[in-house]
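To start, the structure itself, in structure tokens.
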Amino acid sequence: ETGVTQSPTHLIKTRGQQVTLRCSSQSGHNTVSWYQQALGQGPQFIFQYYREEENGRGNFPPRFSGLQFPNYSSELNVNALELDDSALYLCASSLGTGAGTGELFFGEGSRLTVL
Amino acid sequence: GESVGLHLPTLSVQEGDNSIINCAYSNSASDYFIWYKQESGKGPQFIIDIRSNMDKRQGQRVTVLLNKTVKHLSLQIAATQPGDSAVYFCAEKVSGSARQLTFGSGTQLTVLP
């Protein structure tokens, strides 16, 4: 158990809809990163939040957006869902900014299916 | 990192044997490397990490080797156990990036009884 919790665990949406995924970071961790993992592939970095500000973004379109709250929990929002958005969405928490090293603690993920 | 493909490399080993999982990375600016284990239906779990100023690091039953000359990383698991069966990913972080990890495509390790 990493102490990182994600909800919902599974959900099904149709193309064009919007989805919100939630993540509670490990106690004391102030940085949250989101990753997308397509079936049979490694996770791909979406973005990172530190102290409620976006602190780095991968190669994902603007319809992928996020928030971090004062308690360091986070949301990932995806608008105008496409079939290719079907994936496991992973949240990872860590302590401190991204400049250094340090272990990322991953949650179990939210499995999104877009029909 | 490794090129992304639809076919996951596989490795089968007998219980008790040593396992070696390899990974090629592409970014010479990467300064930190991590191995993760991912069991079915779970998130990636940290195994061991290594900084670019090292070429070897040992943990409990695991050793990571880094060869910066050929941009190659390996994970050695001693006395492989059934509980080691999982997908193993290497990940790299570029110096100065916001702890943004680039993951390889993974290797499926199966431990045979």
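Taking region B:36-83 only, how many residues are within 12 Å of chain A (Cβ to nearest Cβ) and in contact with an Asp or Glu (Cβ under 6 Å, 6 or more places away or on another chain)?
4
May I ask you to verify whether A:S65 is more than 8 Å from chain B (Cβ to nearest Cβ), among the polar types (S, T, N, Q) and in contact (Cβ under 8 Å) with a residue 60 or more places away in the chain? Spell out how you get there, then give the answer.
On the way: more than 8 Å from chain B (Cβ to nearest Cβ): yes; among the polar types (S, T, N, Q): yes; in contact (Cβ under 8 Å) with a residue 60 or more places away in the chain: no.
Considered against the rule, which asks whether it is more than 8 Å from chain B (Cβ to nearest Cβ), among the polar types (S, T, N, Q) and in contact (Cβ under 8 Å) with a residue 60 or more places away in the chain, A:S65 comes out as no.
Quick one: A:A87 ticks every box in (1) at the interface with chain B (Cβ under 9 Å from one of its Cβ atoms); (2) closer than 16 Å to B:P44 by Cβ; (3) not acidic (D, E) bar one, so which box is it?
Condition not satisfied by A:A87: (1).
If A:Y72 passes every condition in (1) touching a residue at least 24 places away in the same chain (Cβ under 8 Å); (2) surrounded by fewer than 17 Cβ atoms within 10 Å (Cβ to Cβ); (3) at positive phi but one, which one does it miss?
For A:Y72, the exception is condition (2).
Does region B:82-103 contain any residue that is farther than 29 Å from A:Y49 by Cβ, surrounded by 13 or more Cβ atoms within 10 Å (Cβ to Cβ) and modelled with pLDDT of 95 or more?
Filtering region B:82-103 down to residues farther than 29 Å from A:Y49 by Cβ leaves B:82-85.
Filter again for surrounded by 13 or more Cβ atoms within 10 Å (Cβ to Cβ), leaving B:84-85.
Still in the running and modelled with pLDDT of 95 or more: B:84-85.
There is at least one residue in region B:82-103 that is farther than 29 Å from A:Y49 by Cβ, surrounded by 13 or more Cβ atoms within 10 Å (Cβ to Cβ) and modelled with pLDDT of 95 or more.
From the list A:T14, A:T5, pick out the single residue that is within 14 Å of another protein chain (Cβ to nearest Cβ) and among the hydroxyl-bearing types (S, T, Y). Please lay out each step first, then the result.
Details: A:T14 fails: within 14 Å of another protein chain (Cβ to nearest Cβ).
None of the other options fit; the residue is A:T5.
Of all residues being under 18 Å from B:S19 (Cα atoms) and among the hydroxyl-bearing types (S, T, Y) in region B:65-81, which is surrounded by the most Cβ atoms within 10 Å (Cβ to Cβ)? Just the residue, please.
B:T80
The values are calculated or read from the model by the stated rules, or taken from the named source; none is laboratory data. Note that the structure is a prediction, hence the values are computed from the model and not measured. Cβ sites come from the backbone with ideal geometry, for glycine too, and all protein chains shown count toward neighbours.
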